Amino acid sequence: MNVSVNVIDGRQLAEHLVEEMAEEVKARTAQGYQTPGLAVVLVGENPASAIYVRNKIRTAEKAGLHCVVIKLDASCSQQALDEVVIELNERDDIDGILVQLPLPAHLSEERIINLISPEKDVDGFHPMNVGRLSTGQATLVPCTPLGCLEILKREIGDLSGMHAVVIGRSNIVGKPMASLLLQANCTVSVVHSKSVDAASLCRQADILVVAVGVPELVDRHLVKPGAVVLDVGINAIEQDGKRKLVGDVNFADVADICQAITPVPGGIGPMTIACLIKNTLAAAKQRGVKQPVV
């Protein structure tokens, strides 16, 4: 592999972003504003979810946020979860609410996404925020696409006129990513399982964002030399009897022809968490709650 490969260090970029936000939080509290508050709701004992929540809280506290974690039993009722969300909607010390997904099968994710106040929806999944994003209005944006855009702006700068191809059309990554890239003045193609001649479209991409959840799907035959490749996928596979994390891009096959590429792990993941903090700060600024007078 070419030793000059530009591997984008998502951890370092995320650290810089969190440091910037920590300074902003400090400045806001000095001006008399309430410390931004983030509430995370974890239902059940899913080990991966527990790790994600722990990482989110650790990063939020590093940025100086006030954090609340609410744990509910996996067997909790829909009503019990609804009541937790309704209470958090009403709490003045909470600016951002995140219900960790996936939920146990008997609970409705759609219902919970709709129940969270759009002003506190730091995941950016509420239909009102989705609508605002698609019409170019200021809003809370899903954290992973927002992290991808942060990386692109810091790596490339002005994206105007570039051809961006998004592989995958999920509500969480693919669709909002396409909207953000359009707002950044890219020409955008979205490739999915029903696309005709998808390979040809992918090979035209100056920016290739891959979010399909298929291990190492994208090889060098799908990548234009000199492209910037963002790999959103994180998949656990067995290799030589060991568990290994890989992306949706075959990193070893593709890296030497890219202008820049994100690794897995250590690429998009840390930036997703940093952007959760960015959204919480944005929600706090929008609400503008002052510290109580003692």
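The values are calculated or read from the model by the stated rules, or taken from the named source; none is laboratory data. Model, not experiment: these values are computed from the prediction. Using ideal geometry, Cβ is built from the backbone for each residue, glycine included, and neighbour counts are taken over all protein chains shown. Surface areas here come from the heavy atoms of the whole protein model, side chains and all, with no ligands, DNA or RNA. Shrake-Rupley method; radii C 1.70, N 1.55, O 1.52, S 1.80 Å.
Here's the list of lysines a cross-link from residue 278 could span, going by alpha-carbon distance under 23 Å and ignoring same-chain residues fewer than 8 apart: 26, 56, 62, 120, 153, 175, 290. Relative to the longest principal axis of the Cα atoms of the chain, helix 174-183 runs at roughly 90 degrees. Calculated from the structure at hand, mean projected area of the Cα convex hull in nm² is found among (i) 16.7; (ii) 22.7; (iii) 15.8 as (i). Under the combined filter of DSSP loop state and at most 15 neighbouring Cβ atoms within 10 Å, segment 1-102 retains these GluC sites (Glu not before Pro): 45. Here segment 165-197 is scanned for amide nitrogen atoms under 16 Å from the site 7 Å beyond the Cα of residue 214 along Cα-to-Cβ, giving 166-170, 174, 190-197. Gyration tensor over the Cα atoms of segment 89-135: the corresponding equivalent ellipsoid has semi-axes (square roots of 5 times the eigenvalues, largest first) of 18, 16, 8 Å. Highest average first, the peptides 238-245, 212-219 ordered by how many other beta carbon atoms sit within 10 Å of their residues are 212-219, 238-245.
Alpha carbon centre of segment 225-294 versus segment 41-74: separation in Å? About 18 Å separates the Cα centre of segment 225-294 from the one of segment 41-74.
Roll a 1.4 angstrom probe over the protein heavy atoms and tell me the percent of accessible area of segment 49-145 that is carbon or sulfur. Before the final figure, lay out the partial values.
On the way: 2450 of 4660 Å².
The computed percentage sits at 53.
Across the alpha-carbon set of segment 1-69, the Rg to Rh ratio works out to 1.14, Rh being the Kirkwood radius.
Loop-resident trypsin sites (Lys or Arg not before Pro) (DSSP state other than H, G, I, E or B) in segment 45-135 with no more than 16 further Cβ atoms inside 10 Å of their Cβ: 91. The slack between residue 58 and residue 137, meaning 0.36 nm per residue of separation minus the straight C-alpha distance, is 25.4 nm. Can you tell me the 0 to 90 degree angle between the C-alpha axis of helix 47-62 and the longest principal axis of the chain, rounded to 10? Taking the Cα atoms of the chain, the angle to 47-62 is about 70 degrees. With no solvent and one equal point scatterer placed on each C-alpha of segment 157-294, evaluate the Debye formula and give log10 I(q)/I(0) for q = 0.22 Å⁻¹, two decimals. Listed by q, the Debye log ratios stand at -1.42. Computed from label points 7 Å out along Cα-Cβ, the spacing between residue 51 and residue 79 is 3.7 nm.
Positive end of the charge dipole of the chain (Lys, Arg +1 and Asp, Glu -1 on Cβ, about the Cα centre): tell me which of 72, 126, 213 has its Cα farthest that way. Comparing the listed Cα positions along the dipole, 126 ranks first.
D by Stokes-Einstein for segment 60-99, Kirkwood Rh over Cα pairs, 37 °C, 0.692 mPa s: 285 µm²/s. Listed as lacking a disulfide-compatible partner in the chain: 67, 76, 148, 186, 202, 258, by the criterion of no other cysteine Cβ under 4.7 Å. If a spin label sat at a point 7 angstrom from the Cα of residue 71 along the line to its beta carbon, the backbone N atoms of segment 13-46 nearer than 17 Å would be those of 39-46. For residue 257 and residue 204, a Förster radius of 25 Å and the Cβ-Cβ distance give a FRET efficiency of 0.95, rounded to the nearest 0.05. Helix 143-155 sits at what angle to the longest principal axis of the chain, using alpha carbons and giving 0 to 90 degrees rounded to 10? The helix 143-155 is inclined about 60 degrees to the chain.
Assuming R0 = 35 Å, what is the FRET efficiency of residue 156 and residue 108, from their Cβ-Cβ distance, to the nearest 0.05? Each step should come with its number before you reach the end.
Values: r = 40 Å, r/R0 = 1.13.
The pair residue 156/residue 108 has a calculated efficiency of 0.30.
Probing with 1.4 Å while keeping every protein chain in the model, the per residue accessible area of segment 149-294 equals 46 Å².
Packing around the peptides 121-129, 280-288, 145-153, taken as the average count of other Cβ atoms within 10 Å per residue, puts them in this order, highest first: 145-153, 121-129, 280-288.
Using a ≥ b ≥ c from the Cα gyration tensor of segment 1-121 (square roots of the eigenvalues), is it rounded, prolate or oblate, where a/c under 1.5 gives rounded and otherwise the larger of a/b and b/c decides, a/b for prolate? The partial results should precede the final answer.
Values: a/c = 2.58, a/b = 1.29, b/c = 1.99.
It comes out oblate by the Cα gyration axes.
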